[in-house]
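The values are calculated or read from the model by the stated rules, or taken from the named source; none is laboratory data. The model shown is predicted, which means the values in this text are computed figures rather than measured ones. Positions of Cβ are backbone-derived with ideal geometry, glycine not excepted, and every protein chain shown enters the neighbour counts.
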Amino acid sequence: MPPPSPAPGERGITEFILIDSRPARVYTNAMLRPPVRTCLAFLFLFLGAQRGSVAAKPETWIEVRSPDFVVLTNAGEKQGCRVAFQFEMIRAVFRQLFNISSAAKDPPITIIAAKDETSLKPLLPEFWAKKGSMHPAGIYLGGPEKNYVALRLDVTLNAETEEPFESIYHEYVHFLTRRMIAQIPLWMVEGLAEFYGNTRIESDRVYVGAPSASNLRVLHATPPLPLSTLFAVTASSPYYHEENKASIFYAESWALTHYLITRDWREKTHYFGEFLELLGKGTAPDEAARKAIGEPVRLQNELTQYIYRFAFTAARLPVPAKMDANDFPAQPASEAESLAIRADFLAHDRHFQEAQEMLEAALKLDPKLAAADESMGFVLSQQRKFDEATRWYSKAVALNSQSYLANYYYAMSLFKGVLRPDAETAAKAEASLRTAIKIAPDFAPAYASLAWLLASRRERLDEAHMMMITAVTLEPGNMSYRINTVNLLEMLGRGEDAVRVAKLAASMAKTPEEQTEALAALSNAEHFVESQGKVKDQVEALKKQLSEAEAAETCQTPTRVETGAANQEGSDSHQVEGEPPTPSSTSSLGGPAPRPEVVETLKEVAGTIQDVKCSGASTLEITLRSSAGLTQLYTHNYREISFSAVNFTPQGILNPCTDIKGLRARVAYHPAKDQPRQGEIVGVGLERK
């Protein structure tokens, strides 16, 4: 089934209205309505008279569970239920407009709703570390396994926080649309997030497409970019990364997206959807724009006029989900449980020391808290202490065997730091990954990791490919899954398919890092196809040479001489019938030089790459100096081995023939029989010089 389209539909929209961008007023059917209270304030008006009484009591954290969110709050049960309800509402609005199937499940998002700045500050220490830095009202923290929102609930809606939830909704839209078509230009990716980031919720209605006051201020103060420039912005463009230029990029992306969507609403057309459909078919963005949304010059004029409007079209919907916040189960969280959740947030925000200290306190209170064991394993694995992490994950699985995350993390810890796990380790990891998939069949990382595990051992490559396809289907915007698909296709010998997938990945890259990774994969795939062609030519040449040799042998085979001195004198120069011809030298065929026999056992050696030699199409020889001395290693095809980088990102496309000499490396290899300091390379993990 193809992923749903991010083109906004009209399901559930009751009417289109105008919202004045100056005061927050709503007009509909030429009648003036009362001021619209933005939904972005809903979490910041809760404490009221309770504030003093709560502060006077020992701090208590409450856990509220709704169908799609877990809320941990120290502001009381009522506020926790309201937070969960509002987030369920915004989720339902987005899924309704994006036409996402109700059967498509997302991993629960944990919301830590802190009652005030004092409660939020320990979770976001970097924002308070520097004097004068911004103190956020909330933050969205996304990741492949877990997603968090951290908020403070005592912020009022004032001039300095007129859109306190816009950034969180912006990131949440990215989260929700990761299953959707990913081949859309960068301006539209951010424009959609900005458009829906300004959704406003009231008690019985929702406003989609409300004007963004912050973006309008930028547009009124800064000349807009030419649309040709906006359309050309990529992940590596300064307009996407330099702070003084990024604001106009985001603001204009919002304005153009808002104009195109609401134009369709007003005129009952579907140009925006047609544009996305053309992109999905592989049409170049410029051509798709001309065909569907208008010529750039005319569109530029229309957009300029649009920016200076005083009222903007928005859609009004009823609250889409029939939920009662009072129905959400709520219960006090123990001190150990609340510590574990907050520590896990810190760990995923890479504050490992603070997280570990908090987890140690939690485990003193409750030594059998599986969530704390799981988080401790995560902290240690992120610091590359894999053996320690494995012990914690193993304990977490023993305490809660039905945790798909504990099973997934345990498997990951088994082969993290090892380029090719041995048979016993691989079997344990595979069993845990299959358990995680059974418990959570929509959890993409488990499929991707199982595919990698099978591929690393050159086992069941067709199944590994299908696992990776499943991961891509679940998360089309995940670049690493697409890159791994390219690698698997090369391992399967499907070079042309690998090039096709790599080209698509390169066109979808949204950051400089993704672009570098995708272009490197494309280059490798193209070299692989080139190597396939050379091998094919060599095979054909060899067949031709052998065929010609056989033909010559048939024509020149002499008859055995029975009698005659003269004939006997010359008999030594003739081949005796039944004897094989003298073989040709292997070097004349361009084949690799003979290598010592290697054994199946896998070894690792860490040291500095002292020398590198390349020959033929892809033969690589390296000399590695370690504390044990020199190790001579080789591979006949360096394109088939895995290269990884630890603690740094290679600049541009990595060429092992020229770029790895002098680097620290950990190399997995099959040792030569009776010669452990020689062997065949399986994988190379590079480290910064």
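Residues of the range 412-442 that are crowded, with 20+ Cβ neighbours inside 10 Å and either within 21 Å of Gln383 (Cβ to Cβ) or modelled with pLDDT under 90 (or both): Met412, Ser413, Leu414, Phe415, Leu419, Arg420, Pro421, Ala426, Ala429.
One residue stands out among those in the range 96-126 that are out of contact with any strand residue (DSSP E or B) (no Cβ under 8 Å at 6 or more places or on another chain) and basic (Lys, Arg): the one that is modelled with the highest pLDDT, which is Lys121.
Among the residues making up the range 405-443, those that are more than 21 Å from Gly685 (Cβ to Cβ) and of a type in the set (Gly, Ala, Ser) are Ala406, Ala427, Ala431, Ser432, Ala436, Ala440.
Residues being part of a helix (DSSP H, G or I), charged (D, E, K, R) and not assigned by TED's automatic domain parsing to the domain that holds Thr257: count how many of those fall in the range 292-338. Selection size over the range 292-338: 3. Within the range 289-330, if we keep just the residues that are of a type in the set (Ser, Thr, Tyr) and over 35 Å from the mean Cα position of the chain (by Cα), the residue that is surrounded by the fewest Cβ atoms within 10 Å (Cβ to Cβ) turns out to be Tyr308. Look at the range 275-302: where a residue is without any contact (Cβ under 8 Å) to a residue 24 or more places away in the chain and a partner is surrounded by 14 or more Cβ atoms within 10 Å (Cβ to Cβ) and not in a helix (DSSP H, G or I), sitting 6+ places away or on another chain with Cβ atoms under 7 Å, you get Phe275/Ile293.
Residue count for the range 491-515 under the criterion of being within 18 Å of Ala284 (Cα to Cα) and either exposed (fewer than 15 other Cβ atoms within 10 Å of the Cβ) or of a type outside the set (A, V, I, L, M, F, W, C) (or both): the result is 5.
Within the range 646-664, residues that are under 12 Å from Ser523 (Cβ atoms) have Cβ atoms under 7 Å from residues that are modelled with pLDDT under 80 in these pairs: Leu654/Phe643, counting only partners at least 6 apart in sequence or on another chain.
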